[in-house]
Amino acid sequence: MEDGLNYLDEKERQNTIDEVVSRQVGLSHLITFDGYDVCEQVRLSALSKFHVTLLKAMCSHFEIPNKTREVKASLLNKPRNMVDECSTTPIPPNI
């Protein structure tokens with residue numbers, strides 16, 4: 001139980017740090033991964049250029065469930081679904 005509380009405290013601290021850094025560098029939102037603006041990558045339909053390994057790492061980073069042997073097409077939809085609610089980026093229809 002205490003480990004769970006420590007994890008939540010650490011997660012809250014990390015979220016606070018992310019918000020402060022984002023304000024200081026002028027980011028409009030926090031959906032970034034490995035230097036990529038995920039919303040922009042979805043908007044430009046550029047995620048298909050990412051390797052499966054990177055897509056799986058992105059899912060893990062954002063705590064999006066994925067299967068060990070998941071195909072690329074399925075992995076591409078996960079970040080897209082995540083940013084569907086992002087108010088800063090209009091998302092094109094699924095191609």
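Scanning segment 66-85 for residues that are surrounded by fewer than 11 Cβ atoms within 10 Å (Cβ to Cβ) and modelled with pLDDT of 90 or more returns V71, A73. When K56, K49, K11 are checked against the criterion of being surrounded by 11 or more Cβ atoms within 10 Å (Cβ to Cβ) and modelled with pLDDT of 90 or more, a single residue qualifies: K56. Applying the condition of being of a type in the set (K, R) and assigned to a loop (DSSP other than H, G, I, E, B) to segment 28-76 and asking which residue is nearest to D18 (Cα to Cα) yields K67.
Scan segment 41-58 residue by residue and report those that are more than 15 Å from D84 (Cα to Cα), hydrophobic (A, V, I, L, M, F, W, C) and touching a helix residue (DSSP H, G or I) at 6+ places or on another chain (Cβ under 7 Å). Within segment 41-58, V52, L55, M58 meet the criteria.
The values are calculated or read from the model by the stated rules, or taken from the named source; none is laboratory data. Being a predicted model, the structure only gives us computed values, none of them experimental. With ideal geometry, Cβ positions are generated from the backbone for all residues, glycine too; neighbour counts draw on all protein chains shown.
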